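Visitor: Okay, here's the structure, questions in a sec.
Laboratory data are not the source of any read-out in this text; all were calculated from the coordinates shown. The shown structure was predicted, so the numbers you read here are calculated from the model rather than taken from an experiment. Quick reminder, even Gly has a Cβ in these numbers, built from the backbone with ideal geometry, and neighbours come from all protein chains shown.
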Amino acid sequence: MSSSPPSQPELAEPDGSSKVNSVPCNGERELPRTNPPAAAVTGSRPRSEAAGQARQSSARHAAPGATSNAEQQASRLPPLSGPAAASPPRRVEQSRAEWPDMKMPESKRSEGFCGEAVITEFEALTRDAAAVQRETLRRILADNAGTEYLRDRGLAGRTDAASFRACVPLATHADVEPYIARIADGDTSPVLTARPITSISLSSGTTQGKRKYLPFNQELVKSTMQIYRTSYAFRNRAFPVEDGKALQFIYGSRQFTTKGGLTATTATTNVYRSEEFIPTMRAIQSQACSPDAVIFGPDFAQSLYCHLLCGLLFADEVRIVSATFAHSVVLAFQTFERVWEELCADIRAGALSATRVTSPAVRRAVSALLPAPNPALADEVARRCAALSNWYGVIPALFPNARYVHGIMTGSMEHYVKKLRHYAGGLPLVAAEYGASEGWVGANVEPETPPESATFTVLPNIGYFEFIPLKAGDGGAAASDTCFAEAEPVGLTEVTVGEHYEVVMTTFAGLYRYRLGDVVKVAGFYNSTPKLKFVCRRNLMLSINIDKNSEHDLQLAVDSAAKILAAEKLEVVDYSSHADVSRDPGHYVVFWELNAEANGDVLQSCCDELDRAFTDPGYVGSRKAAAIGPLELRVLQRGTFQKVLRHYLSLGAPVSQFKSPRCVGRSNNSGVLQILSGGVVKVFFSAAYD
């Protein structure tokens, strides 16, 4: 960066390159594992208000209740080596001569990455976040002063925050969509950025039923690598990883070329295809078990099967199990329950299933890892599976050297945490970074915190951030999370602990004062930068009359009703909702897919509880006045949400971005609503207000 404020620490570039040269780094094993002393905290706010709670034992992450004898036995099973080491599989990309010990020279383990230096840099960046934000905004505006977007708004080359806010209004995607469309169609003039937009990112489309086009450039790659390195440095302090690999359930998406010749694909695929991705993953010990041909395979089911197979072949080397979203990990091990015997058969024969995997490129890449039959490994996998009780702890049973499970587990993913914890057994669950297709926001620097309580610390140099204060409406504290009145935006360091805000971001990729649509709660501060807890999306709501219920409100209602199911040893596999106004009065419809059959009395009780659990005053008043009809619970046949997933895949959406839509409508998700309605097997209406 060209300059920094006097007497302030030198600011880092958004690529995460460290400018701290005084920190020794003799390998990740040397990293301290204790909390920094309280005396190291600068500023008036405590760096971590929950410091005493954040460092927990892995028991906090385990499923509640005592484990069975079979579960305890599974945790003591011997390594997946022994006789199997006689003919170890070999990767195409690298030698496996060290197998099964896998000890690498110290210089190779630490080459290109020093966790302690990254943490020290992060401390410097967050010590005076306001100064870093001023410099970040100055750089963005100076670099892009000649762009059409900023010229048309009269900024005239000014780079201060006051002028920026006065000239440039808050924007939504609808405001910038025409500019992005021109870039996609081939306009090479400086429309949004002075530097080239190298590709187009596509949002998942699972929220609004329509995929958005967003600009992507090299600056976003740099900020992504900084987020990855920062998060990993803190994770590795808590859960040290030396040599090893990551069993990553990641999938490249289909891409196409726009009229102007730009590649359009998901933001994650843009990152996966960047030159920086593989070296960074290798440096932070997160190199995938699967070859690229699997990650970028043409068929999701084939790639998933091969991910599982590659994980088993490298079982003793797996240190991290991860995916973009928690849903993908849960889906992977639900699939494993069905196909584990076929996987064992492939390992036993030393040949890849001809029916499961048909893609020639995928077959070639994975077959290279199966040079010979390995009956010993197949028998060991089968023995471990047989020792499990209801698949509890399958992840540590199969991958005994894994340290944690990693992925996005907040927001709509929180529903899958319970099932993920079941599969993970005693392994910690670590919430991944906070970002969107538009750009990154923060890193999880307290990885030992359970995902339900995870917060994300904003990196002040990856973008310029503002926050729109959101105050509860007339309903007060009990009102819906989306029933908000707005105030003027405040800066990154001006937020108040305990308050709710909508995130506004200005990025290096051409988004200026862009409303992200996410509602966050400020949980505290790390030095002078805020720690955010994700609450919900603003524009996802059930509303018929004066009622407003958000995705978070729906989740709370489902969780409350699911307690009735839990008493019957049943659980909600997935859920969605719909505001049905096809007849008067309109009413809420909740779709449930269950893991097993439930009797009618239990489901009627669940339906009543769902209705009662929506506590928004507008809803309660409308129900009592019969302005909203009784809630309807529609129970779906098993596999319905798999059909929803396949529907999105057929539209070109990648499984790595898939989020079950929590609220569907006739206009924005008509295909999904049709699938859900076609899968209904039982219907119940609430009697809660009778």
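Visitor: Tell me the Rg and the Dmax, in Å, that the Cα atoms of region 112-202 produce.
Guide: 16.5, 45
Visitor: I've got another one for you. Got the relative contact order for region 527-572 handy, in percent, Cα pairs under 8 Å and 6 or more residues apart? If you can, show how the numbers build up before the last one.
Guide: Values: 20 pairs, mean separation 10.4, N = 46.
Computed over region 527-572, the figure is 23 percent.
Visitor: Going by a ≥ b ≥ c, the root eigenvalues of the Cα gyration tensor, does region 397-478 fall in the rounded group (a/c under 1.5), the prolate group (a/b larger than b/c) or the oblate group?
Guide: Judged from the Cα gyration tensor, region 397-478 comes out oblate (a/c at least 1.5, b/c at or above a/b).
Visitor: Between residue 165 and residue 452, 0.36 nm times their residue separation minus their Cα-Cα distance comes to what?
Guide: On the way: separation 287, 0.36 × 287 = 103.32 nm, distance 3.48 nm.
Difference between extended and current length: 99.8 nm.
Visitor: Could you sort out which of 548/624; 521/548; 521/569; 548/569; 419/643 sit more than 24 Å apart by Cα distance in this structure?
Guide: 521/569; 548/569
Visitor: List, in order, the whole-Hz ³J(HN,Hα) value for each residue of region 501-507 obtained from phi through the Karplus relation with A = 6.51, B = -1.76, C = 1.60 and θ = phi - 60°; use x for Gly and Pro.
Guide: My calculation for region 501-507 gives 9, 9, 7, 10, 10, 10, 10 Hz in order.
Visitor: Over every pair of different alpha-carbon atoms in region 541-685, take the mean of 1/r and invert it; report that Kirkwood radius in Å.
Guide: Computed over Cα pairs of region 541-685, the Kirkwood hydrodynamic radius comes out at 15.5 Å.
Visitor: Given 0.36 nm per residue, what is the gain on full extension from residue 582 to residue 595 after removing their alpha carbon distance, in nm?
Guide: 1.7 nm
Visitor: Rounded to whole Hz and in sequence order, give me ³J(HN,Hα) for region 166-175 from the Karplus expression 6.51 cos²θ - 1.76 cosθ + 1.60, θ = phi - 60°, writing x for Gly and Pro.
Guide: Calculated HN-Hα couplings, in order: 6, 8, 9, x, 4, 9, 10, 4, 4, 6 Hz.
Visitor: Which of 394, 458 comes first, and how do the rest follow, when ranked by fewest Cβ neighbours within 10 Å?
Guide: The most exposed by this proxy come first: 394, 458.
Visitor: Rounded, prolate or oblate for region 267-322? Axes are the square roots of the Cα gyration tensor eigenvalues, ordered a ≥ b ≥ c, and the cut-off for rounded is a/c under 1.5.
Guide: It comes out oblate by the Cα gyration axes.
Visitor: Taking the alpha-carbon centroid of each part, what is the distance from region 547-576 to region 325-340 in angstrom?
Guide: Spelled out, the Cα-based centre of one part sits 22 Å from the other.
Visitor: Between residue 351 and residue 646, what FRET efficiency follows from the Cβ-Cβ distance if R0 is 25 Å, with the result rounded to 0.05?
Guide: The computed FRET efficiency comes out at 0.35.
Visitor: Ranked by Cβ crowding within 10 angstrom, fewest neighbours first, how are 290, 650 ordered?
Guide: 650, 290
Visitor: What ranking of 493, 358, 198 emerges when the number of other C-beta atoms within 10 Å of each C-beta is taken as an exposure proxy, fewest first?
Guide: 358, 198, 493
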